[in-house]
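Heads up: the structure comes next, in structure tokens.
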2 protein chains.
Amino acid sequence: MASIHEEMGQKTKAHIQHHFIALIEAEGFAHVSVKKIAERASINRGTFYLHYADKYELMDQLQRQLLEELQARISEILPKEALLALHQQQLYPPFVAIFQFIGENARPLRAILGDQGDPSFAKKMKRVFGEVLLARLISQHPAAQDEEFRKYMHAFLTSAILGVIQEWLENCEEQPAEEMAKIHFQILNFISQLRTFIQ
Amino acid sequence: MASIHEEMGQKTKAHIQHHFIALIEAEGFAHVSVKKIAERASINRGTFYLHYADKYELMDQLQRQLLEELQARISEILPKEALLALHQQQLYPPFVAIFQFIGENARPLRAILGDQGDPSFAKKMKRVFGEVLLARLISQHPAAQDEEFRKYMHAFLTSAILGVIQEWLENCEEQPAEEMAKIHFQILNFISQLRTFIQ
DNA sequence: CCTTTTAATTAACACGGTGTTGAATGTATC
DNA sequence: GATACATTCAACACCGTGTTAATTAAAAGG
């Protein structure tokens, strides 16, 4: 059977990924080299090339894993129930679950989304937010019929959500996921009161 | 006089910067090498090192120029007048001027803020937005007394603004700067009506 | 226990980019 | 023409890359 060998290979891959993340945290993705990864993971440099073509393919697989799991959790959200919870100022469990997932994967996410990470990943996360969540919400609003306007509205909200997550990731895990979900609700309430404040 | 020589040096530097931007657009910052820059700019590789320590220093100076000019234009904004204009649904000239500047420097900004750019630049731009503009606006609101909350509110809004700009930069200059400023106002109005829509 | 299969190691290779050097060449100023 | 500076050029040692071939290690099945 080949399954055992596959498991061995997977173990090595997980080992490589772990030290890869540590290296990005320490020096940034740009300055990570295959040589450094091999040294840090105590494997031969040749072994790395047995699993990945280069550091970019490694980064790609890492991102895929995170995005797939995130997408699965976002799919749990039902727009109507989410709006109801927001209106009633209650915490919506699938919403909290997303922050929990982000918290559990804080290290790799911080490394990839951070200052020395991969700029293309931010856009990929925005796309996940957008496709599953906002597209259904915004499109219902009468003012969002204008194609042009909706595009920028979309960019505004997805960027805002990601921005809050990035801020949370940087200040480490001082706040638990539930706290974070609450803050997100508060922000939405604050925003909707802005007009009242201005007048 | 050394001034002429300085001008010569500046001319070469501008020449290098120009082709550097073109290279980022074509291959992304990570894949840009000093050798490629020299070849593309038709200068000797040694000449590059006469002006910059490496490609990172070149990127740094480019970013500094853009951020300084942006900061100067943002400083022109008077919070009270801006809020008044927003309330009266009028275009606020200093606001339009910012979008004009961004439009004029679309190529370098797109290259640096884009998928293959420098992830740290996004944060630098958010800081410029935040320090000059939002800090004064948000801090006036009673709900923003909580330090923790204000931090995330800050992240939410600066990220949202930058997100709209990034979206604009990608879809090239189909929309003029004034159009863009209008759309931004529309978004703020839309946001403030969200609560009404939800209820 | 021995054979087969696959994973991992090792050393060597050519290649290409880096950053620095010293000497030479151009070029504008005084 | 002498001076000061920008630029060129060739050469240097260094380092990371991606690939190769030969070797060792480890687990699986007969």
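The values are calculated or read from the model by the stated rules, or taken from the named source; none is laboratory data. The structure displayed is predicted, hence computed values, not measured ones. Here the Cβ positions follow ideal geometry from the backbone for every residue, glycine too, while neighbour counts run over all protein chains shown.
Do we find a residue being within 15 Å of DNA strand D (Cβ to nearest atom), under 21 Å from the mean Cα position of the chain (by Cα) and either within 23 Å of B:Val164 (Cβ to Cβ) or within 13 Å of chain A (Cβ to nearest Cβ) (or both) anywhere in the range B:17-25?
For the range B:17-25, residues within 15 Å of DNA strand D (Cβ to nearest atom), under 21 Å from the mean Cα position of the chain (by Cα) and either within 23 Å of B:Val164 (Cβ to Cβ) or within 13 Å of chain A (Cβ to nearest Cβ) (or both): absent.
Taking the range B:39-65 as the search range and keeping residues that are hydrophobic (A, V, I, L, M, F, W, C) and more than 11 Å from B:His15 (Cβ to Cβ), which one is nearest to DNA strand C (Cβ to nearest atom)?
Kept after step one, since they are hydrophobic (A, V, I, L, M, F, W, C), are these residues of the range B:39-65: B:41, B:43, B:48, B:50, B:53, B:58-59, B:62.
With more than 11 Å from B:His15 (Cβ to Cβ) added as a condition, the list becomes B:50, B:53, B:58-59, B:62.
Details: B:Leu50: 8, B:Ala53: 7, B:Leu58: 10, B:Met59: 12, B:Leu62: 16 Å.
Among residues in the range B:39-65 that are hydrophobic (A, V, I, L, M, F, W, C) and more than 11 Å from B:His15 (Cβ to Cβ), the one nearest to DNA strand C (Cβ to nearest atom) is B:Ala53.
Going through the range B:37-70 one residue at a time, which ones are away from every other protein chain (no Cβ under 14 Å), more than 9 Å from DNA strand D (Cβ to nearest atom) and not in a helix (DSSP H, G or I)?
Hits for the range B:37-70 are B:Tyr52, B:Ala53.
Yes or no: B:Ala72 over 29 Å from A:Ile24 (Cβ atoms), small (Gly, Ala, Ser) and in the same structural domain as B:Pro176 (by TED's automatic domain parsing)?
So B:Ala72 passes the test.
When the residues of the range B:55-74 are filtered to those that are exposed (fewer than 12 other Cβ atoms within 10 Å of the Cβ) and of a type in the set (Asp, Glu), which remaining residue is farthest from B:Leu23 (Cα to Cα)?
That would be B:Glu68.
For the range A:6-16, name all the residues that are within 11 Å of DNA strand D (Cβ to nearest atom) and either under 18 Å from A:Asn44 (Cα atoms) or at pLDDT 95 or above (or both).
A:Met8, A:Lys11
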